[in-house]
Amino acid sequence: MVGLVSSAKFDQLFQPSWAMDHFIHEGELLKLKLDNYSGAGFASKSKYMFGKVTIQIKLVEGDSAGTVTAFYMSSDGPNRNEFDFEFLGNTTGEPYLVQTNVYVNGVGNREQRMNLWFDPTMDFHSYSILWNQRKVMFLVDETPIRVHRNMENKGIPFPKDQAMGVYSSIWNADDWATQGGRVKTDWTHAPFIATYKGFEIDACDSPVSMTISDTAKKCSSGGGGERKYWWDEPTMSELSLHQSHQLLWVRANHMVYDYCTDTARFPVKPVECEHHRH
């Protein structure tokens, strides 16, 4: 039941990737700042193949329209795999929307949007991505809000052969982020600040020097038989009954957009939507 457990300070796991002058360190807290000069972003020092990553975030307070705070995993290159949380700011008093997306071999267009059952600007909440051979699961405070299952048996590609980095950033996206771009960023409210703590990566690290096949061997529980990762346990391949109920509740009460039901964009339903049970 091993995993690479890293629950650590920011600088043990991550490094700034751009706009270092827009980082503010206050004890255990890290703040990323967006103003009309720049946003900011950071990246993990390692890449990983399977596991769970979690960050606690307190999102931009007040009028955050036009801003996006993102937390995601991604591999490199045009055929990348990517799992996204994007928090879409809004005018004061309107709910934040959380958009999730899954890219496989460079192809995305799998957006789901939902509001949350709490105000994410008032306190820290944990946002997690769990990735194993069977599924990609997005969790908010350990409640699953989305599951993307491995359906290779239906001929649908699944992201399992590229190591991924962990990233977060804040930037101005007022061309699309709030009400489809109708509400623009009000720079008189700048700087917009997202606050982070509780950086946890419990995953199989993949050294840059390692080939894909060696990484796959290292990060698979079948690799030599001596290694058993907790995320490959049989109980992790499906949702528990409680998690299934939670996911159904979230979808029924908080989902506001699902690409699977967008017949304007997809006159022919995307093939994985035909097979998803939720």
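The values are calculated or read from the model by the stated rules, or taken from the named source; none is laboratory data. As the structure is a computational prediction, the values presented were derived from the model and not from experiment. Neighbour counts are summed over all protein chains in view; Cβ atoms, including those assigned to glycine, are modelled from backbone coordinates with ideal geometry. SASA here: full protein model, heavy atoms, side chains in, ligands and nucleic acids out. Shrake-Rupley method; radii C 1.70, N 1.55, O 1.52, S 1.80 Å.
Listing for the model above:
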| item | result |
| --- | --- |
| Selection count where residues are acidic (D, E) and more than 21 Å from the chain's Cα centre (by Cα), scope the stretch 173-206 | 2 |
| Candidate set: the stretch 252-272, residues that are part of a loop (DSSP other than H, G, I, E, B) and out of contact with any Phe, Trp or Tyr (no Cβ under 8 Å at 6 or more places or on another chain); chosen: the one surrounded by the fewest Cβ atoms within 10 Å (Cβ to Cβ) | A264 |
| Hey, R113 among the basic types (K, R) and either open to solvent by less than 10 Å² (accessible area, probe 1.4 Å) or at pLDDT below 95 (or both) or not | no |
| Hits in the stretch 1-28 (condition: open to solvent by 30 Å² or more (accessible area, probe 1.4 Å), under 20 Å from the mean Cα position of the chain (by Cα), among the hydrophobic types (A, V, I, L, M, F, W, C) and modelled with pLDDT of 90 or more) | W18 |
| Sole residue being open to solvent by less than 10 Å² (accessible area, probe 1.4 Å) and among the polar types (S, T, N, Q), chosen from T67, T54, T92 | T67 |
| Candidate set: the stretch 166-189, residues that are assigned to a helix (DSSP H, G or I) and not polar (S, T, N, Q); chosen: the one surrounded by the most Cβ atoms within 10 Å (Cβ to Cβ) | H189 |
| Residue in the stretch 190-197 that is in contact with a helix residue (DSSP H, G or I) (Cβ under 9 Å, 6 or more places away or on another chain), open to solvent by 20 Å² or more (accessible area, probe 1.4 Å) and assigned to a strand (DSSP E or B) present | yes |
| When residues of the stretch 226-251 are limited to those that are among the polar types (S, T, N, Q) and touching a residue at least 40 places away in the same chain (Cβ under 8 Å), the one surrounded by the fewest Cβ atoms within 10 Å (Cβ to Cβ) | S237 |
